[in-house]
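Student: Mind looking over this structure? Questions follow.
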Amino acid sequence: MSSSDVPRDALSRSLVIAVLGFLLSIAVIDEVAASNAAVALSDASSRTIAVPQWLYLATGGAVIGASAILASVVTDRSFIRSMHDWQKSVPMWVPIRRGALYLAQLLGVAGLAIVIYRGFVGPQIPTVNVAIILVFGGVRAGLTMVVYLVGNVWPALNPWRTIARRLPTLGRAYPSRVGRWPAVGGLLLLVWLETVMPVNKVPAMLATAICAYTVITLVGAVVYTPESWFSNADPVSVTFHFYGQVAPLRWSADGVTLRPPGFDLRESGAVATTADIAFVVALIWELTFSGFVTTATGVSFITAVVDAGVPPLVVYALLFVLGYALFLGAFRFASRVTRRTGETYLPPRTIALRFAPPLLAIAVGYHLAHYFGFFVSLLPSLVPAVVSPLSPPANPVVLTLPEWFGGLVIGFVLVGHLLAVWVAHSQAYATFPSRLQAIRSQYPFILVMIAYTIISLWLVSLPTASPAFVS
């Protein structure tokens with residue numbers, strides 16, 4: 001389809017978006033230091049990664065242009081539908097599936113026991129204690145990447161789910177009006193504790209936190225049944241559930257289904273309530289928050305505010321709560337603006353539910369940008385920890401990342417953004433009957449996505465530092 005087939009009004013609006021977005025990227029990126037360590041809440045790699053400023057400007061402009069093109073030029077509904085309908089199913093022999101499930105359950109329970117045991121009795125040195133390495137290098141970074149790059153294996157690995165299914169249950173009905181709000185609060189609380197408490201540096205404290213989490217989780221699963229609890233209230237399970245929506249593989253009792261990454265987001269129904277929207281935005285915000293407080297700029301800002309007389313924990317709390325409110329408010333505001341730009345009678349809540357799934361692609365790109373380098377640098381310590389968890393190495397090895405890793409960091413953020421824009425584009429054509437409505441409806445959300453992406457690019461460009469007052 002040629003550009004002449006696209007309404008001039010739509011093209012003009014796209015040009016406005018491109019110009020505004022590019023100017024915004026220049027305004028933000030112009031003050032960026034050209035170095036970065038692509039790690040979060042970790043000292044795994046102390047060497048910074050050089051990222052030239054021209055590369056940020058070029059990639060930022062490319063993202064803006066690609067967003068405008070996708071929103072206004074790729075308008076063939078049959079082409080979009082055919083792209084998202086493609087899938088391939090592969091059956092799995094039942095004995096193999098059952099054997100893999102039992103093995104995963106055994107590994108999950110054994111891993112939980114080892115983390116708690118070694119957290120208390122192992123050496124209280126984070127770089128050699130298997131509890132720290134497994135939780136932050138193995139689960140926080142590695143397993144999360146497996147979930148969104150391959151498929152959600154957490155339901156099989158989840159040790160608390162395995163234990164809860166073997167306990168008696170009271171079978172009380174989970175309150176539907178509560179939905180996933182406990183998971184939203186739980187995720188934000190876990191991120192807060194990870195930031196203000198040295199659970200990633202003191203193995204005994206990490207083991208204590210996991211014990212408390214175990215008690216709360218098992219009590220909730222016994223009261224409300226494991227299915228209800230892990231589907232709604234458990235923040236770890238819900239996190240992996242949403243990340244798994246981007247993965248190319250879907251596991252079922254019949255076998256495995258392959259689809260292009262993220263292409264199932266449009267019709268998966270993963271985001272069905274307001275709490276789901278809040279959780280998806282929280283996934284983006286928690287990475288943004290942890291990324292900011294571990295940069296030299298973030299440390300300087302927090303130090304300046306504390307020097308003005310504000311207690312450190314109050315500064316972190318205000319930054320955490322107000323930042324999340326801003327991210328969530330920006331997305332909800334975009335849904336209200338879309339009601340006008342799309343000239344539709346759909347309520348803003350319905351529009352928000354339709355356009356929230358693409359944000360998962362941004363969260364995936366941001367997580368990969370922050371944790372891929374961390375995972376690679378920690379891999380020489382992670383492998384021995386998994387092979388022999390009871391005998392830590394005397395001299396742990398941590399890799400120093402080469403400078404070209406900076407290009408990967410940028411690429412991860414931008415690929416996540418482009419996938420999000422494409423999914424939003426296809427969702428618009430599935431929601432609105434008019435081509436002009438579908439094009440116009442995307443503008444507010446594209447601007448919000450651009451803002452998220454620019455903030456991500458800015459943060460990964462900054463030199464890292466230990467969080468002030470809480471490290």
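The values are calculated or read from the model by the stated rules, or taken from the named source; none is laboratory data. In this text the structure is predicted, and so the values were computed from the model without any measurement. For neighbour counting, all protein chains shown are included, and Cβ atoms are generated from backbone atoms with ideal geometry for every residue, glycine included.
Student: Taking the range 77-107 as the region of interest, how many residues are at pLDDT below 70 and outside any helix (DSSP H, G or I)?
Tutor: Total meeting the criteria: 2.
Student: Quick check on this structure: which one of 204, 221 is farther than 23 Å from residue 171 by Cβ and hydrophobic (A, V, I, L, M, F, W, C)?
Tutor: 204
Student: In the set 288, 257, which member is of a type outside the set (D, E, K, R), outside any helix (DSSP H, G or I) and either assigned by TED's automatic domain parsing to the domain that holds residue 358 or in contact with a Lys or Arg (Cβ under 7 Å, 6 or more places away or on another chain) (or both)?
Tutor: Going through 288, 257 in turn, the sole match is 257.
Student: I would also like to ask the following. Would you mind stating whether residue 147 is at pLDDT 90 or above, farther than 28 Å from residue 101 by Cα and in contact with a helix residue (DSSP H, G or I) (Cβ under 8 Å, 6 or more places away or on another chain)?
Tutor: no
Student: Out of the residues in the range 314-329 that are buried (at least 17 other Cβ atoms within 10 Å of the Cβ) and not hydroxyl-bearing (Ser, Thr, Tyr), state the one that is nearest to residue 452 (Cα to Cα).
Tutor: My answer is 327.
Student: In the range 371-399, what residues are surrounded by fewer than 19 Cβ atoms within 10 Å (Cβ to Cβ) and not in a helix (DSSP H, G or I)?
Tutor: 388, 390, 391, 393, 394, 395, 396, 397, 398, 399, listed by residue number.
Student: If you don't mind, another one. Can you tell me which condition residue 269 does not meet? The list is (1) farther than 29 Å from residue 418 by Cβ; (2) free of Cβ contacts under 8 Å to residues at least 24 places away in the same chain, and all the others hold.
Tutor: The number of the failed condition is (1).
Student: Quick one: what pairs do we get from the range 348-365, first residue over 12 Å from residue 336 (Cα atoms) and without any contact (Cβ under 8 Å) to a residue 60 or more places away in the chain, second small (Gly, Ala, Ser) and surrounded by 24 or more Cβ atoms within 10 Å (Cβ to Cβ), C-beta under 8 Å, 6+ apart or different chains?
Tutor: Within 8 Å, no pair qualifies.
Student: Mind listing whichever residues of the range 414-458 are of a type in the set (Phe, Trp, Tyr) and assigned to a helix (DSSP H, G or I)?
Tutor: 422, 429, 443, 445, 452, 458, listed by residue number.
Residue-wise test of (1) buried (at least 21 other Cβ atoms within 10 Å of the Cβ); (2) under 24 Å from the mean Cα position of the chain (by Cα).
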site	(1), (2)
96	no, no
105	no, no
116	no, no
130	yes, no
151	no, yes
156	no, yes
